[in-house]
Amino acid sequence: MADVVLKNVDKRFDKNTVVRNVNLEIRDREFVVLVGPSGCGKSTTLRMIAGLEEVTSGEIHIDGKRVNDVPPKDRDIAMVFQNYALYPHMTVYENMAFGLKLRKYPRAEIEARVNETAGILGIGHLLARKPKALSGGERQRVAVGRAIVRKPKVFLFDEPLSNLDAKLRVQMRTEISKLHNSLEATIVYVTHDQVEAMTMGDRIAVMKDGEVQQVAAPLELYEKPANRFVAGFIGSPGMNFLEGRVVFDNGHAAFDEGSLRLPIPDGMRKALAPWRDREVTFGIRPEDITSVDANKDWQEARQIRATVEVVEPTGSETFLYMTTGRYPFIARVDAFVDPAINTELPLLVNMARAHFFSREDEAAIV
Amino acid sequence: MSTWNYVIYPVLLGYLVIVVYPMAWLLYTSLKTDREIFLAPFTLPDWADLQWINFSRAWTVGQFGDYFLNSAMLTVLTVILSLLFAAMAAYALSRFRFFGARPLFFFFLAGLMVPLQLAIVPLFFQMKDLMLLNSRLGLLLVYIAFGMPFAIFILAGFFKSLPSGLHESALMDGAGELRAFWHIMLPLAKPALVTVGIFAFLGTWNEFFMAFMFLSGENAESLRTLPLGLANITIVSQYRSDWGMAFAGLVLMMLPTMAVYALLQRQVTKGITVGALKG
């Protein structure tokens, strides 16, 4: 096992910069998820670690060794592809044994390793089949098996679950997490699905437009997003944003949207002082807005009124799509709340959990 | 069965007869005596007295045995070598970006557009200067070269269509470019290789013009291929009629072609990448 370090890594295709100045230290045995919308450069970053794309500038180190000019076959890395990329002319056994054969392992050891890995993944009964005779989930397992049978230094996963149906995806998600624990492997995992990122990663690197926005543990990312993009990308449904100004009167700070005025808790006042009378973005997560009759112990709650547009019951909770003033927002309320459409509803906003972002560079203020 | 079938089946049946009847006629005529052939060209042979001897005479007296071996040797080598070289060239031209890749590809394609008849005279003199006239090696080289444009055209298109994930997967598994080509990409190109192989086989096996041009020396009689031999027999037959033997020779020449069709046709249509990627 090994660590992976990216130093000032750039990738340009002709004149297009697709990855810009990425710095990332992936520790030994760590599970790091690269997440972001499509086209954000996360797959390209992964492919540069794999050696499938050349690095335009910057350095990549694996296990302390600079690998910029090391071909993929000598990097001792395994990769699971989005479309599995199983060799169609080989059986499952041959698919898994291929990498070991190339490395000239003795036949007996190849057989032992393939059988052991097949046992772990529950694909022992499929070894004689060709990929076309497998279901999507089985192909996925074989692709994972082909990667782990070699016991490489680093595992790379490129959106491996995106072709599976929802239920299978959740199942494989936990299985890959378990696998990570039992293999004690360094894993770099690319996905566009923030739920996958949150549930699987030790740390998450959020990318946008080729740049890393923030690298942090899942809950830290959720609680302390570095900027408006990360705040909006992580969490489902996403954070609500309202644009307005910070105002101070009588020693009290407030966020003023025009039609709506929300008091800013004392704890945030200091950080927001330089932003007095300036434009900011106010962010609040759906679960920090609730119905007035919910029995929440919120110290800094503030009541607002908003119009219900859509009611989305999920069983365990209900999402309300509402508008107040100029802005639509989503509230996550208890399942028993079932308001009529187009009625006005009083809601509580937990201001202690408010986020504020600069309007200029969208960085988090507090 | 829809009404459409009532129309299409008779049409297809008619087509079948047009295609199959001449071959059947050829087959049974090869078992008749010359006298039978001329008196009743379309009747079936006398089942009690089939002229199997036509075949043994064609093989020995007509020298079809020698021609057959010459043709077989040339054809096998042409198919194998042109597939190998074309596959390597097509792979490089279709999957790697390097300076001059596109002009080179079009240079190969241009070969498809040059009629053989135009090239034959300069080629003849070039072969003569290289001392490659009246030699099997010379003819082999020409066959391989003329087979390349078509083979590269088909194979390059096929290699391009193969998912790059498989190639990358092989690299990640620890293969260099050569192994990735040999163990993964080449086996995956099997349908295209079979297609190209069949065309190379047919083209070479039936090829007359170039063989006639380059093996026409006096001392090259022992090097003649089947089409040349067949032409020779027909010429001779004008004076000393031996049509039974000529037909037997034709059948001998036809058999490998039909065998190839029968054995490999399914391979051509069978897509091998099914199941490699997401359903």
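Here are the numbers for the structure shown:
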quantity: Distance (nanometres) between label positions extended 7 Å along Cα→Cβ at A:ILE341 and A:LYS101; calculated: 6.1 nm
quantity: Approximate spin-label separation B:PHE125-B:LEU104, in nm, with each point projected 7 Å along Cα-to-Cβ; calculated: 3.0 nm
quantity: Partners for A:LYS224 among lysines (Cα-Cα distance below 24 Å; same-chain residues under 8 apart left out); calculated: A:LYS42, A:LYS208, A:LYS270, A:LYS296
quantity: The range A:314-366: relative contact order as a whole-number percent, Cα under 8 Å and 6+ apart; calculated: 22 percent
quantity: Expected 222 nm ellipticity per residue - DSSP helices of 4 or more, -39500 (n - 2.57), all of chain B, to 500; calculated: -23500 deg cm²/dmol
quantity: Pairwise FRET efficiency - A:HIS61 versus A:ASP209, Cβ, R0 = 35 Å, nearest 0.05; calculated: 0.90
quantity: Charged-residue dipole, Cβ positions (Lys, Arg, Asp, Glu), the range B:27-91 about Cα centre, Debye nearest 20; calculated: 140 debye
quantity: Peptide A:87-99, shielding by other chains (average Cβ, 10 Å cutoff); calculated: 4
quantity: Neighbouring partner chain Cβ atoms per residue of A:167-177, average, 10 Å criterion; calculated: 0
quantity: Residue among B:ALA246, B:PHE158, B:LEU202 farthest towards the positive dipole end of chain B, charges placed on Cβ; calculated: B:PHE158
quantity: B:PHE212-A:ASN16 pseudo-label distance in nm [points 7 Å out on the Cα-to-Cβ vector]; calculated: 5.6 nm
quantity: Averaged over A:124-133, number of beta-carbon atoms from partner chains that fall within 10 Å; calculated: 2
quantity: Cβ charges +1 (Lys, Arg) and -1 (Asp, Glu), total dipole of chain B, debye; calculated: 840 debye
quantity: Relative contact order %, the range A:219-315, counting alpha carbon pairs below 8 Å whose residues are six or more apart; calculated: 24 percent
quantity: Cα-based Rg / Dmax (Å) for chain A; calculated: 24.6, 81
quantity: Dipole-positive endmost among A:GLY238, A:PHE255, A:ALA273 within the range A:214-283 (Cβ charges, Cα centre); calculated: A:ALA273
quantity: Calculated FRET value between A:GLU111 and A:GLU223, using beta carbons and R₀ = 60 Å, to 0.05; calculated: 0.75
quantity: Percentage relative contact order, chain A, counting C-alpha pairs under 8 Å, at least six apart; calculated: 15 percent
quantity: Reduced Cα scattering model of the range A:23-108, Debye log10 I(q)/I(0), q = 0.12 Å⁻¹; calculated: -0.48
quantity: For chain A, size of Cβ-based charge dipole, Lys and Arg +1, Asp and Glu -1, in debye; calculated: 1460 debye
quantity: Gyration tensor verdict on chain B (Cα atoms; rounded if a/c is under 1.5, prolate if a/b is larger than b/c, oblate otherwise); calculated: oblate
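A short reminder: the numbers here are calculations on the coordinates, not readings from a lab. Just so you know, these numbers come straight off a predicted model, no measurement behind them. So basically every Cβ, Gly included, is an ideal-geometry build from the backbone, and we count neighbours across all protein chains shown.
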